[in-house]
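The values are calculated or read from the model by the stated rules, or taken from the named source; none is laboratory data. This one's a predicted model, so the numbers in the text were calculated from it and none came from an experiment. As a convention, Cβ positions derive from the backbone with ideal geometry for all residues, glycine included, and neighbour counts pool all protein chains shown. These accessible areas exclude ligands, DNA and RNA; they are computed on the full protein's heavy atoms, side chains included. Shrake-Rupley method; radii C 1.70, N 1.55, O 1.52, S 1.80 Å.
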Amino acid sequence: MTDLAQELATVLLSEEEIQLRISDMAAQISADYAGIDRIYLVSVLKGAFIFTADLARNLDINHVVDFVAVSSYGRKGSQSGEVRLLMDLRQPIAGEHVLIVEDIVDSGKTIHYLVEALASRQPASLKTTAFVQKEREQLSVPVDYLGFKIPDVWVVGYGLDYAERFRTLPYVAELKKEVYTKK
Ligand code: PRP
């Protein structure tokens, strides 16, 4: 194991804060969807797998969990990067109450793409939830249930990675700039 303090700056969201917020979000979602048959959670791999698991386990309503994977090619640091679907849902979602579950809204391109793509499949309803949203210029995308707003810095933990590292930290921390700027 490496010494995390050498690579991570401040902790932005503690484990306790995260768990409390997710429990509140799940209560709100459960109340809003009360009375429907089930909701269909569309989790966006890879980053959202931890948020999805905690959120789903806190829901008091019937739910199905399914996954999509999208390409990140050309997105980081680029305005022109386009989003492509790499792995589709297992089932059709026509007539389902769909909730897209994202870990982070950064430029907004991924969630924007998914809302458009899934809306065309005739779901009964379509909403979005994101664990965190960066405070920066981004495509205007409605996030119906947002966990936290965060500053525009590189964050890791709770599903978010740097070169596949740090995803399973139970808290969210800022990555030191020298880590991602060094060659
Ligand atoms: C991250 C994150 C979101 C997306 C958000 O995915 O999981 O899906 O970027 O960025 P955007 O708002 O600018 O589109 P990433 O490409 O890092 O893949 P990963 O989840 O597999 O780590």
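Worth pointing out:
- Summing charges over all other residues whose Cβ lies under 13 Å from the Cβ of ASN58, with Lys and Arg as +1 and Asp and Glu as -1, gives -1.
- Largest accessible area first, the residues GLU137, GLU7 order themselves as GLU137, GLU7 under a 1.4 Å probe with ligands, DNA and RNA left out.
- Summed residue charge, Cβ within 12 Å of LEU175's Cβ, Lys/Arg positive, Asp/Glu negative: 0
- Taking a point 7 Å from the Cα of ARG121 along the Cα-to-Cβ direction, the residues of the stretch 33-55 with backbone N closer than 11 Å to it are 40-43.
- Candidate lysines - alpha carbon under 30 Å from LYS182, same-chain residues fewer than 8 apart omitted: LYS46, LYS76, LYS109, LYS134, LYS149
- Within-12-Å neighbourhood charge of LEU99 [Cβ basis; K, R +1; D, E -1]: -3
- Taking all Cα pairs closer than 8 Å and separated by 6 or more residues, the relative contact order of the chain comes to 24 percent.
- For the chain, the solvent-accessible area works out to 53 Å² per residue, with a probe of 1.4 Å and every protein chain left in place.
- Each helix, a run of at least 4 DSSP H residues, gives -39500 (n - 2.57); summed and divided by the residues of the chain, these come to -7500 deg cm²/dmol at 222 nm.
- Amide N of the stretch 119-157 lying under 13 Å from the label point, which is placed 7 angstrom from the Cα of LEU89 along Cα→Cβ: 119-128
- C-alpha long axis of helix 15-32 to longest principal axis of the chain, angle in °: 20
- With every protein chain in place, the stretch 76-156: carbon and sulfur % of accessible area (1.4 Å): 49
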